[in-house]
Amino acid sequence: MTVTRSGSATVTLPTDEQILITREFDAPRELVYEAFTTPDLVKRWWHANRGEMTIAEIDLRVGGKWRYVMVTDDGFEVGFHGEYREIVPNERIVSTEVYEGLPEGVSQEDGATVNTATFTEADGRTTLTILVQTTSKASRDAIIDSGMETGLQDALDLLEQAALSLR
Amino acid sequence: MARAATTADAFNAVAEPRRRQILDVLAGGERPVNDLVRVVGLAQPQVSKHLRVLREVGAVDVRGDGRQRLYRLNGHALKPIHDWVKNYERSWSDRFDQLDVVLEELKQKEEGDDSDA
């Protein structure tokens, strides 16, 4: 099946406590919203090809909880959970997010981020933006530190690919 | 590893769009302030203010050359941020590439439903 790849995600740092992720999709926003909020569908994309999602729980109402768990290809379990704060169907979801592997000494409260996902449609295409607002430097640093570990792993993967391409 | 205060500051330094623009220009090589003023389109005092912030976190270095002050990028100070952003971006790109596959199926299903109706 051919898939229209609409471009890669862009990540910017609008302030030192925010991370903004933007991506356009070749689909109306109802469908993007559906894929974003339906557990069986989330399980198919959220893993980013780095493992398998074992849990995708979504209680889509204000005050409802969500939890995503995946097992990475090298056997690590990575979990995130949070609570929905605001839901405007097909338009906007505000939720908290806590990484379950927070470093010792960082409380869940400090470590949580508030994520705002916005779905905007133009000409049948949908722009999804996710604004990650960290609540403290500690949570931002936790995100950055976890990313750096993955970064090393990715670098090794790329190295392996590069090596294979030379065969 | 303890996170040095300068790392946090560097994140702050690059969070400002004009400063990122200055860094982009300097990525192409050493430049005098006048060049930066022209490219960024801000008045010199504002550009100088941004340059001061960037210098404080070690993101740019400056040297005198006759009557000019030449600025250049110190990539080393920014590499952790760059690496992190690129990696984070790659994770989300991979994630969204999977989402494209799901969306394509949803679209086809919807078209199928429409033709049934």
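What follows draws every value from the coordinates through simple rules; no lab data is involved. Source: prediction; values computed, not measured. Virtual Cβ from ideal backbone geometry, glycine too; neighbours counted across all protein chains shown.
Approximating the spin labels as points 7 Å out from Cα along Cα→Cβ, the A:GLU57-to-A:THR116 distance works out to 2.8 nm.
Note on A:43-50: average number of Cβ atoms from other chains within 10 Å of each residue's Cβ is 5. Taking Cα atoms, how many degrees apart are the long axis of helix B:75-116 and the longest axis of chain B, rounded to 10 and kept between 0 and 90? Between helix and principal axis, roughly 20 degrees.
Roughly how big is chain B's charge dipole about its Cα centre, with Cβ charges of +1 (Lys, Arg) and -1 (Asp, Glu), in debye to the nearest 20? Walk me through the numbers on the way to the answer.
Values: 19 positive and 20 negative charges, 325 e Å.
Here the size comes out at about 1560 debye.
Shape analysis of segment B:1-110 yields a ratio of the Cα radius of gyration to the Kirkwood radius, Rg/Rh, of 1.19.
Give the calculated FRET efficiency between A:THR15 and B:ASP114 to the nearest 0.05, with a Förster radius of 35 Å applied to their Cβ-Cβ distance. Between A:THR15 and B:ASP114 the formula returns 0.20.
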